[in-house]
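Taking it in order: structure first as structure tokens, then the write-up.
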Amino acid sequence: MSQVERNSKVQKLIEQQKFNREEISGMTDSQIEYYHWLYFNDSVYDYM
């Protein structure tokens, strides 16, 4: 993941108060992608 993409995802997680900067600083790119997916990506099943 590029640094720009990582920063964008980190900022969204912080804005939604899911995590603080200290928690995120210890996360890997994969963890950040997972939590971003978990909280922000819609699924067709979300609307059923």
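Coordinate-derived values only; no laboratory data. Quick caveat: nothing in here was measured; it's all calculated off a predicted structure.
Our helix-only sum for the chain, with -39,500 (n - 2.57) per DSSP H run of n ≥ 4 divided by its residues, gives a mean residue ellipticity at 222 nm of -18500 deg cm²/dmol. One quarter of the surface of the convex hull around the alpha-carbon atoms of the chain equals 3.6 nm², the direction-averaged projected area. A full extension of the chain between Q17 and W37 corresponds to an added length of 5.7 nm, given 0.36 nm per residue minus the alpha carbon distance.
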